[in-house]
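The values are calculated or read from the model by the stated rules, or taken from the named source; none is laboratory data. Everything quoted here is computed from the prediction, not taken from an experiment. Neighbour counts run over all protein chains shown; Cβ positions are idealised from the backbone, glycine included.
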Amino acid sequence: MNERESLKINAQGHLEIGGADCVELAKEFGTPLYVFDEAYIRKMMRVYRETIENHYDGNGMVLYASKAFSCKAIYRIADEEKIGIDVVSGGELYTALQADFPAKNIYMHGNNKLDYEIGEALDAGIGCIVADAYSEIDKIDAEAKKRGIQQKILLRINPGVEAHTHAFVQTATTDSKFGFSIQDGTAEQVTAYALTKKHIVLDGYHCHIGSQIFEKQSFVVAVEKCMQFALEMKNRLNFTLKTLNLGGGYGIWYTDEDRKLSPEGYAEYLEALIATVKRCATESGMPLPFLLIEPGRSIVGEAGITLYTVGAIKDIPGVKKYVAVDGGMFDNPRYALYQSKYTPVLANRATENNTEIVSIAGKCCESGDLIAVNVALPKANSGDILAILSTGAYNYSMAMNYNRNKIPPCVLVKDGKAEYIVRPQTYEDLTRNDVIPNRLQKKP
Ligand code: LLP
(Lines give C-alpha, C1' and ligand atoms only; values in the text may rest on other atoms or scores of the structure.)
Protein backbone atom coordinates (compact mmCIF):
# COMPACT_ATOMS: atom_id res chain seq x y z
CA MET A 1 0.00 0.00 0.00
CA ASN A 2 1.11 3.49 -0.80
CA GLU A 3 1.62 5.33 2.48
CA ARG A 4 0.31 8.85 2.19
CA GLU A 5 0.42 11.71 4.59
CA SER A 6 -3.11 11.33 5.87
CA LEU A 7 -3.14 7.53 5.91
CA LYS A 8 -1.30 5.11 8.10
CA ILE A 9 -1.68 1.69 9.63
CA ASN A 10 -1.96 1.60 13.41
CA ALA A 11 -0.83 -0.93 15.98
CA GLN A 12 -4.06 -2.94 15.58
CA GLY A 13 -3.31 -3.29 11.89
CA HIS A 14 -6.19 -0.96 11.05
CA LEU A 15 -6.14 1.78 8.46
CA GLU A 16 -6.15 5.27 9.94
CA ILE A 17 -7.05 8.53 8.26
CA GLY A 18 -6.09 11.81 9.90
CA GLY A 19 -5.43 9.87 13.12
CA ALA A 20 -8.89 8.21 13.18
CA ASP A 21 -9.18 4.42 13.08
CA CYS A 22 -11.31 3.46 10.08
CA VAL A 23 -12.79 0.45 11.86
CA GLU A 24 -13.96 2.72 14.68
CA LEU A 25 -15.31 5.23 12.18
CA ALA A 26 -17.30 2.49 10.49
CA LYS A 27 -18.70 1.44 13.88
CA GLU A 28 -19.59 4.97 14.92
CA PHE A 29 -21.02 6.31 11.67
CA GLY A 30 -21.90 3.15 9.73
CA THR A 31 -21.02 2.46 6.12
CA PRO A 32 -20.88 3.50 3.36
CA LEU A 33 -19.12 6.58 4.64
CA TYR A 34 -17.06 9.29 3.01
CA VAL A 35 -14.19 10.37 5.28
CA PHE A 36 -12.14 13.53 4.72
CA ASP A 37 -8.88 14.51 6.38
CA GLU A 38 -9.08 18.21 7.19
CA ALA A 39 -5.32 18.63 7.65
CA TYR A 40 -4.61 17.38 4.12
CA ILE A 41 -7.22 19.70 2.59
CA ARG A 42 -5.83 22.71 4.45
CA LYS A 43 -2.29 21.78 3.57
CA MET A 44 -3.07 21.64 -0.15
CA MET A 45 -4.92 24.96 -0.06
CA ARG A 46 -1.98 26.50 1.80
CA VAL A 47 0.65 25.09 -0.54
CA TYR A 48 -1.02 26.72 -3.53
CA ARG A 49 -1.65 30.02 -1.72
CA GLU A 50 1.91 30.25 -0.40
CA THR A 51 3.36 29.51 -3.83
CA ILE A 52 1.53 32.52 -5.23
CA GLU A 53 2.65 34.60 -2.26
CA ASN A 54 6.28 33.54 -2.48
CA HIS A 55 6.79 33.32 -6.23
CA TYR A 56 4.35 35.90 -7.57
CA ASP A 57 4.29 38.55 -4.84
CA GLY A 58 0.81 37.45 -3.87
CA ASN A 59 -0.49 38.94 -7.13
CA GLY A 60 -3.10 36.25 -7.57
CA MET A 61 -5.57 33.97 -5.84
CA VAL A 62 -6.27 30.28 -5.52
CA LEU A 63 -9.85 29.35 -6.35
CA TYR A 64 -10.95 25.96 -5.05
CA ALA A 65 -12.94 24.29 -7.85
CA SER A 66 -15.82 23.30 -5.66
CA LYS A 67 -17.41 20.93 -8.18
CA ALA A 68 -14.87 18.43 -6.80
CA PHE A 69 -16.60 18.44 -3.42
CA SER A 70 -19.21 20.97 -2.43
CA CYS A 71 -20.76 21.33 1.00
CA LYS A 72 -20.95 24.15 3.53
CA ALA A 73 -17.95 23.01 5.60
CA ILE A 74 -15.53 22.93 2.68
CA TYR A 75 -16.41 26.54 1.86
CA ARG A 76 -15.70 27.50 5.48
CA ILE A 77 -12.30 25.81 5.27
CA ALA A 78 -11.50 27.56 1.97
CA ASP A 79 -12.42 30.91 3.50
CA GLU A 80 -10.32 30.26 6.59
CA GLU A 81 -7.39 29.35 4.35
CA LYS A 82 -7.84 32.66 2.55
CA ILE A 83 -8.61 31.27 -0.86
CA GLY A 84 -11.49 31.90 -3.24
CA ILE A 85 -13.77 29.38 -4.93
CA ASP A 86 -15.23 28.63 -8.30
CA VAL A 87 -18.85 27.60 -8.55
CA VAL A 88 -20.61 26.18 -11.59
CA SER A 89 -24.25 26.33 -10.65
CA GLY A 90 -26.81 28.20 -8.62
CA GLY A 91 -26.70 25.28 -6.20
CA GLU A 92 -22.98 25.58 -5.51
CA LEU A 93 -23.34 29.36 -5.23
CA TYR A 94 -26.23 28.98 -2.78
CA THR A 95 -24.27 26.49 -0.66
CA ALA A 96 -21.26 28.82 -0.51
CA LEU A 97 -23.43 31.81 0.44
CA GLN A 98 -25.14 29.72 3.11
CA ALA A 99 -21.66 29.17 4.57
CA ASP A 100 -21.12 32.97 4.54
CA PHE A 101 -18.44 32.69 1.90
CA PRO A 102 -17.43 36.20 0.80
CA ALA A 103 -19.11 36.83 -2.56
CA LYS A 104 -16.23 38.87 -3.90
CA ASN A 105 -14.02 35.76 -3.84
CA ILE A 106 -16.48 33.69 -5.87
CA TYR A 107 -16.00 33.08 -9.60
CA MET A 108 -18.85 31.57 -11.58
CA HIS A 109 -18.30 29.09 -14.39
CA GLY A 110 -20.49 27.03 -16.67
CA ASN A 111 -20.97 26.67 -20.40
CA ASN A 112 -24.69 27.44 -20.20
CA LYS A 113 -25.45 29.55 -17.18
CA LEU A 114 -29.17 29.90 -16.73
CA ASP A 115 -30.82 33.29 -16.56
CA TYR A 116 -31.69 32.83 -12.90
CA GLU A 117 -28.13 31.71 -12.08
CA ILE A 118 -26.73 34.91 -13.60
CA GLY A 119 -29.34 36.90 -11.66
CA GLU A 120 -28.42 35.14 -8.42
CA ALA A 121 -24.72 35.73 -9.04
CA LEU A 122 -25.25 39.45 -9.60
CA ASP A 123 -27.58 39.77 -6.63
CA ALA A 124 -24.96 38.13 -4.44
CA GLY A 125 -22.31 40.49 -5.82
CA ILE A 126 -19.88 37.77 -6.81
CA GLY A 127 -16.40 38.80 -7.89
CA CYS A 128 -16.42 37.58 -11.44
CA ILE A 129 -18.33 35.58 -14.01
CA VAL A 130 -16.41 33.53 -16.55
CA ALA A 131 -18.47 33.95 -19.72
CA ASP A 132 -18.58 31.10 -22.19
CA ALA A 133 -21.17 32.16 -24.81
CA TYR A 134 -22.29 35.30 -26.64
CA SER A 135 -25.74 34.89 -25.13
CA GLU A 136 -24.21 34.94 -21.65
CA ILE A 137 -22.42 38.19 -22.37
CA ASP A 138 -25.73 39.72 -23.45
CA LYS A 139 -27.50 38.42 -20.36
CA ILE A 140 -24.81 39.54 -17.93
CA ASP A 141 -24.77 42.98 -19.54
CA ALA A 142 -28.56 43.28 -19.40
CA GLU A 143 -28.82 42.05 -15.81
CA ALA A 144 -25.98 44.34 -14.70
CA LYS A 145 -27.71 47.26 -16.41
CA LYS A 146 -30.95 46.51 -14.54
CA ARG A 147 -29.03 46.67 -11.28
CA GLY A 148 -27.08 49.78 -12.29
CA ILE A 149 -23.72 48.02 -11.91
CA GLN A 150 -20.80 46.89 -14.01
CA GLN A 151 -19.94 43.20 -13.74
CA LYS A 152 -16.40 41.95 -14.02
CA ILE A 153 -16.04 39.02 -16.40
CA LEU A 154 -13.39 36.77 -17.86
CA LEU A 155 -13.78 35.05 -21.20
CA ARG A 156 -13.16 31.32 -21.35
CA ILE A 157 -10.79 30.76 -24.22
CA ASN A 158 -9.57 27.57 -25.72
CA PRO A 159 -5.84 27.54 -26.40
CA GLY A 160 -6.02 24.37 -28.49
CA VAL A 161 -4.05 22.30 -26.05
CA GLU A 162 -5.80 19.10 -25.29
CA ALA A 163 -4.29 17.39 -22.33
CA HIS A 164 -4.89 13.79 -21.52
CA THR A 165 -3.80 11.98 -18.45
CA HIS A 166 -0.54 10.62 -19.72
CA ALA A 167 0.03 12.60 -22.86
CA PHE A 168 -0.88 15.85 -24.42
CA VAL A 169 -1.47 16.80 -27.98
CA GLN A 170 -1.95 20.18 -29.49
CA THR A 171 -4.94 20.23 -31.73
CA ALA A 172 -5.43 22.60 -34.62
CA THR A 173 -9.15 22.73 -34.10
CA THR A 174 -11.26 21.81 -31.17
CA ASP A 175 -14.71 20.39 -30.77
CA SER A 176 -15.02 21.23 -27.10
CA LYS A 177 -18.27 22.67 -25.81
CA PHE A 178 -16.14 24.88 -23.57
CA GLY A 179 -14.44 28.11 -24.48
CA PHE A 180 -13.84 30.26 -27.55
CA SER A 181 -11.09 28.96 -29.78
CA ILE A 182 -8.00 31.10 -30.24
CA GLN A 183 -7.12 29.32 -33.46
CA ASP A 184 -10.30 29.86 -35.41
CA GLY A 185 -10.58 33.53 -34.46
CA THR A 186 -13.68 33.29 -32.29
CA ALA A 187 -11.74 34.24 -29.16
CA GLU A 188 -10.74 37.50 -30.80
CA GLN A 189 -14.26 38.17 -32.06
CA VAL A 190 -15.80 37.63 -28.65
CA THR A 191 -13.17 39.86 -27.03
CA ALA A 192 -14.13 42.68 -29.38
CA TYR A 193 -17.80 42.01 -28.66
CA ALA A 194 -17.41 42.02 -24.87
CA LEU A 195 -15.51 45.30 -25.06
CA THR A 196 -18.58 46.99 -26.59
CA LYS A 197 -20.74 46.21 -23.55
CA LYS A 198 -21.26 49.08 -21.15
CA HIS A 199 -22.17 47.07 -18.10
CA ILE A 200 -19.38 44.57 -18.41
CA VAL A 201 -15.77 45.00 -17.46
CA LEU A 202 -13.65 42.55 -19.39
CA ASP A 203 -10.85 41.68 -17.01
CA GLY A 204 -9.07 38.90 -18.87
CA TYR A 205 -9.13 35.28 -19.88
CA HIS A 206 -9.67 31.86 -18.45
CA CYS A 207 -8.53 28.51 -19.76
CA HIS A 208 -8.74 25.00 -18.38
CA ILE A 209 -7.10 22.29 -20.42
CA GLY A 210 -8.35 19.17 -18.70
CA SER A 211 -8.20 17.11 -15.56
CA GLN A 212 -5.96 14.49 -13.94
CA ILE A 213 -2.95 15.83 -15.87
CA PHE A 214 0.61 15.17 -14.76
CA GLU A 215 2.56 16.72 -17.64
CA LYS A 216 3.84 20.14 -16.67
CA GLN A 217 4.59 20.88 -20.29
CA SER A 218 0.93 20.82 -21.32
CA PHE A 219 0.17 23.55 -18.77
CA VAL A 220 3.21 25.53 -19.89
CA VAL A 221 2.16 25.41 -23.56
CA ALA A 222 -1.35 26.54 -22.62
CA VAL A 223 0.05 29.53 -20.72
CA GLU A 224 2.27 30.46 -23.67
CA LYS A 225 -0.70 30.35 -26.02
CA CYS A 226 -2.88 32.46 -23.72
CA MET A 227 -0.14 35.04 -23.21
CA GLN A 228 0.57 35.19 -26.95
CA PHE A 229 -3.14 35.68 -27.60
CA ALA A 230 -3.28 38.41 -24.96
CA LEU A 231 -0.43 40.20 -26.70
CA GLU A 232 -2.27 40.02 -30.01
CA MET A 233 -5.40 41.45 -28.39
CA LYS A 234 -3.33 44.28 -26.94
CA ASN A 235 -1.93 45.10 -30.34
CA ARG A 236 -5.12 44.63 -32.31
CA LEU A 237 -7.88 45.69 -29.91
CA ASN A 238 -5.93 47.74 -27.40
CA PHE A 239 -7.14 45.40 -24.68
CA THR A 240 -4.78 44.91 -21.74
CA LEU A 241 -4.93 41.60 -19.93
CA LYS A 242 -5.48 42.19 -16.22
CA THR A 243 -6.37 38.72 -15.01
CA LEU A 244 -5.33 35.31 -16.27
CA ASN A 245 -7.11 32.28 -14.86
CA LEU A 246 -5.31 29.05 -15.67
CA GLY A 247 -7.92 26.59 -14.39
CA GLY A 248 -7.08 23.39 -12.54
CA GLY A 249 -6.34 19.86 -13.63
CA TYR A 250 -3.33 18.68 -11.58
CA GLY A 251 -3.35 14.91 -11.33
CA ILE A 252 -3.56 12.86 -8.13
CA TRP A 253 -2.61 9.36 -7.03
CA TYR A 254 -5.34 6.76 -7.43
CA THR A 255 -3.18 3.71 -8.05
CA ASP A 256 0.52 3.09 -8.50
CA GLU A 257 0.05 3.81 -12.21
CA ASP A 258 -0.22 7.47 -11.16
CA ARG A 259 2.47 9.71 -9.82
CA LYS A 260 2.45 10.22 -6.10
CA LEU A 261 3.22 13.83 -5.33
CA SER A 262 3.69 15.29 -1.90
CA PRO A 263 1.55 18.39 -1.29
CA GLU A 264 4.72 20.41 -1.85
CA GLY A 265 5.22 18.60 -5.15
CA TYR A 266 2.13 20.39 -6.43
CA ALA A 267 3.81 23.72 -5.80
CA GLU A 268 6.16 22.84 -8.64
CA TYR A 269 3.29 22.88 -11.16
CA LEU A 270 2.35 26.32 -10.05
CA GLU A 271 5.96 27.49 -10.04
CA ALA A 272 6.30 26.33 -13.66
CA LEU A 273 3.14 28.23 -14.62
CA ILE A 274 4.33 31.33 -12.82
CA ALA A 275 7.74 31.17 -14.48
CA THR A 276 6.05 30.91 -17.88
CA VAL A 277 3.72 33.83 -17.22
CA LYS A 278 6.68 35.95 -16.10
CA ARG A 279 8.80 34.96 -19.10
CA CYS A 280 5.97 35.68 -21.58
CA ALA A 281 5.23 39.03 -19.91
CA THR A 282 8.88 40.05 -20.03
CA GLU A 283 9.26 38.99 -23.66
CA SER A 284 6.14 40.86 -24.74
CA GLY A 285 6.44 43.88 -22.50
CA MET A 286 3.00 43.25 -21.00
CA PRO A 287 2.35 43.87 -17.32
CA LEU A 288 2.09 40.77 -15.13
CA PRO A 289 -1.55 39.71 -14.89
CA PHE A 290 -3.36 38.88 -11.66
CA LEU A 291 -3.07 35.10 -11.62
CA LEU A 292 -5.77 32.61 -10.74
CA ILE A 293 -5.68 28.83 -10.55
CA GLU A 294 -8.60 26.51 -9.91
CA PRO A 295 -7.46 23.21 -8.44
CA GLY A 296 -10.23 20.91 -7.28
CA ARG A 297 -9.19 17.27 -7.39
CA SER A 298 -5.70 17.88 -6.02
CA ILE A 299 -7.08 19.67 -2.95
CA VAL A 300 -9.69 17.15 -1.83
CA GLY A 301 -9.05 13.97 -3.86
CA GLU A 302 -6.37 12.32 -1.79
CA ALA A 303 -7.83 13.81 1.38
CA GLY A 304 -10.83 11.51 1.12
CA ILE A 305 -11.57 7.80 1.34
CA THR A 306 -14.79 5.81 1.27
CA LEU A 307 -15.49 3.07 3.79
CA TYR A 308 -17.72 0.16 2.92
CA THR A 309 -18.71 -3.10 4.54
CA VAL A 310 -18.09 -6.24 2.53
CA GLY A 311 -21.27 -8.24 1.94
CA ALA A 312 -21.85 -10.94 -0.65
CA ILE A 313 -18.86 -12.63 -2.21
CA LYS A 314 -19.34 -14.43 -5.50
CA ASP A 315 -16.57 -16.57 -6.89
CA ILE A 316 -17.08 -17.62 -10.49
CA PRO A 317 -14.34 -20.23 -10.82
CA GLY A 318 -11.86 -19.42 -13.53
CA VAL A 319 -13.71 -16.23 -14.41
CA LYS A 320 -13.95 -13.63 -11.70
CA LYS A 321 -14.41 -13.13 -8.00
CA TYR A 322 -16.78 -10.38 -6.99
CA VAL A 323 -16.57 -8.76 -3.58
CA ALA A 324 -19.77 -6.77 -3.15
CA VAL A 325 -19.99 -3.77 -0.85
CA ASP A 326 -22.85 -1.78 0.64
CA GLY A 327 -22.24 1.16 -1.73
CA GLY A 328 -21.56 1.34 -5.42
CA MET A 329 -22.05 3.58 -8.40
CA PHE A 330 -24.54 5.67 -6.45
CA ASP A 331 -21.73 6.95 -4.22
CA ASN A 332 -18.91 6.59 -6.76
CA PRO A 333 -19.98 6.54 -10.41
CA ARG A 334 -16.46 7.05 -11.71
CA TYR A 335 -15.78 3.46 -12.80
CA ALA A 336 -19.12 3.33 -14.56
CA LEU A 337 -18.43 6.66 -16.26
CA TYR A 338 -14.72 6.56 -16.99
CA GLN A 339 -13.41 3.10 -16.00
CA SER A 340 -11.45 4.95 -13.33
CA LYS A 341 -9.01 2.94 -11.28
CA TYR A 342 -8.87 2.84 -7.50
CA THR A 343 -6.85 1.20 -4.77
CA PRO A 344 -8.80 -0.83 -2.20
CA VAL A 345 -7.53 -1.63 1.30
CA LEU A 346 -9.09 -3.94 3.86
CA ALA A 347 -9.21 -1.38 6.64
CA ASN A 348 -9.54 -3.94 9.46
CA ARG A 349 -6.67 -6.11 8.16
CA ALA A 350 -4.48 -3.51 6.54
CA THR A 351 -1.18 -5.29 7.18
CA GLU A 352 -2.17 -8.51 5.43
CA ASN A 353 -0.66 -9.32 2.10
CA ASN A 354 -2.75 -9.27 -1.02
CA THR A 355 -3.45 -12.81 -2.13
CA GLU A 356 -6.32 -12.48 -4.58
CA ILE A 357 -7.41 -10.56 -7.61
CA VAL A 358 -11.03 -9.50 -7.24
CA SER A 359 -13.54 -7.01 -8.57
CA ILE A 360 -15.35 -4.73 -6.14
CA ALA A 361 -19.02 -4.61 -7.02
CA GLY A 362 -21.70 -2.27 -5.79
CA LYS A 363 -25.28 -3.12 -4.82
CA CYS A 364 -27.11 -1.48 -7.70
CA CYS A 365 -29.14 -3.48 -10.19
CA GLU A 366 -26.70 -2.85 -12.96
CA SER A 367 -23.85 -5.07 -14.20
CA GLY A 368 -21.66 -2.02 -14.71
CA ASP A 369 -22.01 -1.06 -11.06
CA LEU A 370 -18.39 -1.66 -10.15
CA ILE A 371 -15.95 0.31 -8.06
CA ALA A 372 -12.72 -1.40 -9.10
CA VAL A 373 -11.99 -4.27 -11.47
CA ASN A 374 -9.22 -6.85 -11.08
CA VAL A 375 -7.60 -5.38 -8.02
CA ALA A 376 -5.39 -7.11 -5.47
CA LEU A 377 -6.74 -7.77 -1.96
CA PRO A 378 -6.19 -10.16 0.93
CA LYS A 379 -8.98 -12.75 1.03
CA ALA A 380 -12.00 -10.64 1.94
CA ASN A 381 -14.77 -11.91 4.17
CA SER A 382 -18.28 -10.67 4.65
CA GLY A 383 -18.16 -8.02 7.39
CA ASP A 384 -14.69 -6.71 6.55
CA ILE A 385 -14.34 -2.95 6.25
CA LEU A 386 -13.12 -2.01 2.80
CA ALA A 387 -11.59 1.38 2.16
CA ILE A 388 -11.31 2.84 -1.32
CA LEU A 389 -8.58 5.46 -1.39
CA SER A 390 -8.51 8.85 -3.11
CA THR A 391 -12.26 9.31 -3.31
CA GLY A 392 -12.39 12.88 -1.97
CA ALA A 393 -12.99 14.47 -5.38
CA TYR A 394 -15.90 13.85 -7.74
CA ASN A 395 -17.43 11.11 -5.60
CA TYR A 396 -19.84 12.73 -3.15
CA SER A 397 -20.30 15.56 -5.65
CA MET A 398 -21.38 13.10 -8.34
CA ALA A 399 -23.37 10.79 -6.08
CA MET A 400 -26.96 9.97 -6.92
CA ASN A 401 -29.96 8.15 -5.58
CA TYR A 402 -30.13 5.41 -8.22
CA ASN A 403 -32.24 2.49 -7.00
CA ARG A 404 -33.28 4.86 -4.22
CA ASN A 405 -30.08 4.18 -2.38
CA LYS A 406 -29.22 6.78 0.22
CA ILE A 407 -26.23 8.99 -0.57
CA PRO A 408 -23.72 8.29 2.20
CA PRO A 409 -22.86 10.94 4.77
CA CYS A 410 -19.51 12.75 4.91
CA VAL A 411 -17.39 13.10 8.02
CA LEU A 412 -14.43 15.39 8.51
CA VAL A 413 -11.55 14.16 10.63
CA LYS A 414 -9.39 16.54 12.61
CA ASP A 415 -6.82 15.34 15.16
CA GLY A 416 -8.31 11.87 15.11
CA LYS A 417 -11.90 13.05 15.79
CA ALA A 418 -14.63 12.82 13.17
CA GLU A 419 -17.74 14.94 12.80
CA TYR A 420 -20.50 15.00 10.21
CA ILE A 421 -20.20 17.65 7.54
CA VAL A 422 -22.98 16.07 5.50
CA ARG A 423 -25.52 14.11 7.49
CA PRO A 424 -26.90 10.75 6.30
CA GLN A 425 -29.86 10.81 3.99
CA THR A 426 -33.03 9.18 5.24
CA TYR A 427 -35.79 7.35 3.39
CA GLU A 428 -37.86 10.40 4.17
CA ASP A 429 -35.35 12.55 2.28
CA LEU A 430 -35.73 10.22 -0.67
CA THR A 431 -39.49 10.59 -0.79
CA ARG A 432 -39.76 14.23 0.35
CA ASN A 433 -40.63 15.56 -3.09
CA ASP A 434 -42.80 12.66 -4.22
CA VAL A 435 -46.43 13.50 -4.80
CA ILE A 436 -49.36 11.13 -5.26
CA PRO A 437 -51.96 13.01 -7.30
CA ASN A 438 -55.52 12.88 -6.01
CA ARG A 439 -56.66 10.54 -8.74
CA LEU A 440 -54.05 7.99 -7.64
CA GLN A 441 -54.91 8.16 -3.95
CA LYS A 442 -56.27 4.95 -2.47
CA LYS A 443 -60.00 5.12 -2.17
CA PRO A 444 -61.24 4.17 1.29
N1 LLP B 1 -11.77 24.79 -13.55
C2 LLP B 1 -12.62 24.43 -14.51
C3 LLP B 1 -13.15 25.42 -15.42
C4 LLP B 1 -13.01 23.08 -14.64
O5 LLP B 1 -13.84 22.74 -15.62
C6 LLP B 1 -12.50 22.12 -13.73
C7 LLP B 1 -12.91 20.73 -13.82
C8 LLP B 1 -11.62 22.55 -12.72
C9 LLP B 1 -11.27 23.89 -12.67
C10 LLP B 1 -11.04 21.63 -11.69
O11 LLP B 1 -10.25 20.65 -12.24
P12 LLP B 1 -9.44 19.64 -11.27
O13 LLP B 1 -8.36 20.41 -10.62
O14 LLP B 1 -10.42 19.10 -10.29
O15 LLP B 1 -8.95 18.59 -12.19
N16 LLP B 1 -15.99 14.42 -13.06
C17 LLP B 1 -14.66 14.25 -13.61
C18 LLP B 1 -13.87 15.55 -13.54
C19 LLP B 1 -14.51 16.69 -14.28
C20 LLP B 1 -13.71 17.95 -14.17
C21 LLP B 1 -14.44 19.08 -14.76
N22 LLP B 1 -13.79 20.32 -14.65
C23 LLP B 1 -13.95 13.15 -12.83
O24 LLP B 1 -14.55 12.57 -11.96
O25 LLP B 1 -12.80 12.85 -13.11
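Key figures for this structure:
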{"quantity": "Wholly enclosed strands (runs of 3 or more DSSP E) of the range 82-165 bearing at least 2 residues touching a Cys at 6+ places or on another chain (Cβ under 9 Å) and modelled with pLDDT of 95 or more", "calculated": "106-108, 151-158"}
{"quantity": "Any hit, the range 17-28, residues being within 21 Å of Arg259 (Cα to Cα) and either touching a residue at least 24 places away in the same chain (Cβ under 8 Å) or within 25 Å of the chain's Cα centre (by Cα) (or both)", "calculated": "yes"}
{"quantity": "Within the range 218-243, considering residues that are among the aromatic types (Phe, Trp, Tyr) and more than 13 Å from Pro289 (Cα to Cα), the one surrounded by the fewest Cβ atoms within 10 Å (Cβ to Cβ)", "calculated": "Phe229"}
{"quantity": "Identity of the residue in the range 250-262, closer than 12 Å to Gly301 by Cα and of a type outside the set (Val, Ile, Thr), that ends up surrounded by the fewest Cβ atoms within 10 Å (Cβ to Cβ)", "calculated": "Trp253"}
{"quantity": "Residue, surrounded by the fewest Cβ atoms within 10 Å (Cβ to Cβ), within the range 383-409, restricted to residues that are closer than 16 Å to Glu302 by Cα and small (Gly, Ala, Ser)", "calculated": "Ser397"}
{"quantity": "So Ala324, is it more than 16 Å from the ligand (Cβ to nearest atom) and of a type in the set (A, V, I, L, M, F, W, C)", "calculated": "yes"}
{"quantity": "Lone qualifier among Leu273, Leu261, Leu292 - being within 16 Å of the ligand (Cβ to nearest atom) and assigned to a strand (DSSP E or B)", "calculated": "Leu292"}
{"quantity": "From Glu302, Glu294, residue being touching a Ser or Thr at 6+ places or on another chain (Cβ under 8 Å), of a type in the set (Asp, Glu) and crowded, with 20+ Cβ neighbours inside 10 Å", "calculated": "Glu302"}
{"quantity": "Any hit, the range 133-148, residues being within 16 Å of the ligand (Cβ to nearest atom) and either of a type in the set (Val, Ile, Thr) or outside the structural domain of Phe69 (by TED's automatic domain parsing) (or both)", "calculated": "no"}
{"quantity": "Among the candidates Ala372, Ala380, residue that is in contact (Cβ under 8 Å) with a residue 40 or more places away in the chain, crowded, with 19+ Cβ neighbours inside 10 Å and in contact with a strand residue (DSSP E or B) (Cβ under 8 Å, 6 or more places away or on another chain)", "calculated": "Ala380"}
{"quantity": "Subset of the range 205-257 [part of a helix (DSSP H, G or I) and within 16 Å of the ligand (Cβ to nearest atom)]", "calculated": "Lys216, Ser218, Phe219, Ala222, Val223, Cys226"}
{"quantity": "Test: Asn381 is within 21 Å of Cys22 (Cα to Cα) and within 16 Å of the ligand (Cβ to nearest atom)", "calculated": "no"}
{"quantity": "Number of the exception - Ala267 against (1) in contact (Cβ under 8 Å) with a residue 40 or more places away in the chain; (2) more than 16 Å from the ligand (Cβ to nearest atom); (3) outside any loop (DSSP other than H, G, I, E, B); (4) out of contact with any strand residue (DSSP E or B) (no Cβ under 7 Å at 6 or more places or on another chain)", "calculated": "(2)"}
{"quantity": "Yes/no for Leu261 being farther than 20 Å from Gly160 by Cα, at pLDDT below 95, of a type in the set (A, V, I, L, M) and assigned by TED's automatic domain parsing to the domain that holds Asn54", "calculated": "yes"}
{"quantity": "The range 385-413: number of residues that are within 16 Å of the ligand (Cβ to nearest atom) and not aliphatic (A, V, I, L, M)", "calculated": "7"}
